Amino acid sequence: FAIAGNIASEENEDVEEAMIYLEGHSSSEMMTATDGMYGFANLEENRNYTIRPEKDIEPLNGVSTYDLVLLSRHILGVQSLDSPYKMIAADINQSGTITTFDLVELRKLILFITTDFADNTSWRFVPAAHQFDNPANPFASSFPEVYTVNGLDRMIADANFVAIKTGDLNGSARMNSLAATEDRNATETLTLEAADQQLLAGNEYTVALKAKDFNSIKGY
């Protein structure tokens, strides 16, 4: 008997370097490679087992100012996040709600005021077979973050998980070493202008910086 599965993002990108723990009647662990697969073989029949994924590295992976914009728009009701997994990713402090406290924590991480998530892990994992009672509010009821088998009586090959990168609301996180490196450079520029003036050493000046087309910019 065996339990096996795949760790992948909501967009079906395989997740590398997720540590998978087998707990229960027997214990073991393994780390996923670039294909996101894992498997535990030679398990005893009619025993209880739990699969628990864990990954808590590189908190800034996939996190940028654009995620702050998306989080702000969700909180203000301008544009709601369109999946329960993105909402879980937006719950930065793992409080079961999405509030301005999450916005503050994510901004502190982006500005290097903090170096990790104080009350959360870099990644969370939900069994792929789980159906949310209310997809528009995944926190309305508790959701599992482990895969449990009571009385193993067959080979299980579909113990899959959806990997959620905390703080990544637009799916830009790098899931494995085969994926292309994230490009965080904008394709357009915002031009700042200042009136030309002659400056003399030792004097104090106020220089007004101006720019046009702020309406097309969501964050910088």
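Some points to look at:
- For region 9-37, a residue qualifies if it is open to solvent by 10 Å² or more (accessible area, probe 1.4 Å), in a strand (DSSP E or B) and in contact with a Gly (Cβ under 9 Å, 6 or more places away or on another chain), and the qualifying residues are 14, 30, 37.
- Matching option when the condition is closer than 26 Å to residue 16 by Cα and surrounded by fewer than 14 Cβ atoms within 10 Å (Cβ to Cβ), among 159, 173, 128, 118: 118
- Meets criteria (open to solvent by 70 Å² or more (accessible area, probe 1.4 Å), within 19 Å of residue 158 (Cβ to Cβ) and part of a loop (DSSP other than H, G, I, E, B)) for residue 82: no
- Close pairs (6 angstrom Cβ cut-off, 6 or more residues apart or separate chains): closer than 23 Å to residue 64 by Cα in region 194-220, open to solvent by 100 Å² or more (accessible area, probe 1.4 Å) and at pLDDT below 95 anywhere: 211/192
- For region 38-64, the set of residues classified as more than 19 Å from the chain's Cα centre (by Cα) and outside any loop (DSSP other than H, G, I, E, B) consists of 38, 39, 40, 49, 50, 51, listed by residue number.
- Taking region 45-70 as the range and being open to solvent by 30 Å² or more (accessible area, probe 1.4 Å), within 13 Å of residue 169 (Cα to Cα) and modelled with pLDDT of 95 or more as the test, only 60 passes.
Yes or no, residue by residue, for (1) on the phi > 0 side of the Ramachandran plot; (2) at pLDDT 95 or above; (3) in a strand (DSSP E or B); (4) not aliphatic (A, V, I, L, M):
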residue: 86; (1), (2), (3), (4): no, yes, no, yes
residue: 89; (1), (2), (3), (4): no, yes, no, no
residue: 102; (1), (2), (3), (4): no, yes, no, yes
residue: 109; (1), (2), (3), (4): no, yes, no, no
residue: 112; (1), (2), (3), (4): yes, yes, no, yes
residue: 130; (1), (2), (3), (4): no, yes, no, yes
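- Scanning region 108-135 for residues that are under 16 Å from residue 91 (Cβ atoms) and without any contact (Cβ under 8 Å) to a residue 40 or more places away in the chain turns up 108, 118, 119, 134.
- Filter result for residue 96 (in a loop (DSSP other than H, G, I, E, B) and either in contact (Cβ under 8 Å) with a residue 24 or more places away in the chain or surrounded by fewer than 18 Cβ atoms within 10 Å (Cβ to Cβ) (or both)): yes
The rows are residues; the columns are (1) modelled with pLDDT of 95 or more; (2) in contact with a Leu (Cβ under 6 Å, 6 or more places away or on another chain); (3) farther than 23 Å from residue 107 by Cβ.
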| residue | (1), (2), (3) |
| --- | --- |
| 173 | yes, no, no |
| 184 | no, no, no |
| 190 | no, no, no |
| 197 | no, no, yes |
| 200 | yes, no, yes |
| 214 | no, no, no |
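- Subset of region 142-174 (residues that are in a loop (DSSP other than H, G, I, E, B), over 27 Å from residue 44 (Cα atoms) and of a type in the set (Lys, Arg)): 174
The values are calculated or read from the model by the stated rules, or taken from the named source; none is laboratory data. Since we're looking at a predicted model, the values are computed, not measured. Cβ sites come from the backbone with ideal geometry, for glycine too, and all protein chains shown count toward neighbours. Ligands, DNA and RNA are excluded from the accessible area calculation, which covers all protein heavy atoms including side chains. Shrake-Rupley method; radii C 1.70, N 1.55, O 1.52, S 1.80 Å.
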